[in-house]
Amino acid sequence: VGKGGIVRDPAARQGALAAVTDAAKSLGFAALGACESPIAGQKGNLELLVWLRWGADHAGDLASACE
């Protein structure tokens, strides 16, 4: 994480996405997709949107969300 909390490293973003989706999975959700938000954070940080569904039995390919 860089100055001001901006995450510039794609690997760090991918790790954060994996942590969030793993936590959601442990609560019974499946991550069906993810994408970059068209709206940047207040200081220009890249925001990600994750599509979660309760009780879904499959997950989408989230790897491309952070490229």
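The values are calculated or read from the model by the stated rules, or taken from the named source; none is laboratory data. Remember, it's a predicted structure, so these values are computed and weren't measured experimentally. Don't worry about glycine lacking a Cβ; one is built from the backbone with ideal geometry, like all the others, and counts go over all protein chains shown.
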Practice problem: Of all residues in region 7-66, count the ones that are at pLDDT 90 or above and in a loop (DSSP other than H, G, I, E, B). | Solution: 2
Practice problem: Name every residue in region 18-33 that is hydroxyl-bearing (Ser, Thr, Tyr) and surrounded by fewer than 15 Cβ atoms within 10 Å (Cβ to Cβ), in order of residue number. | Solution: Ser26
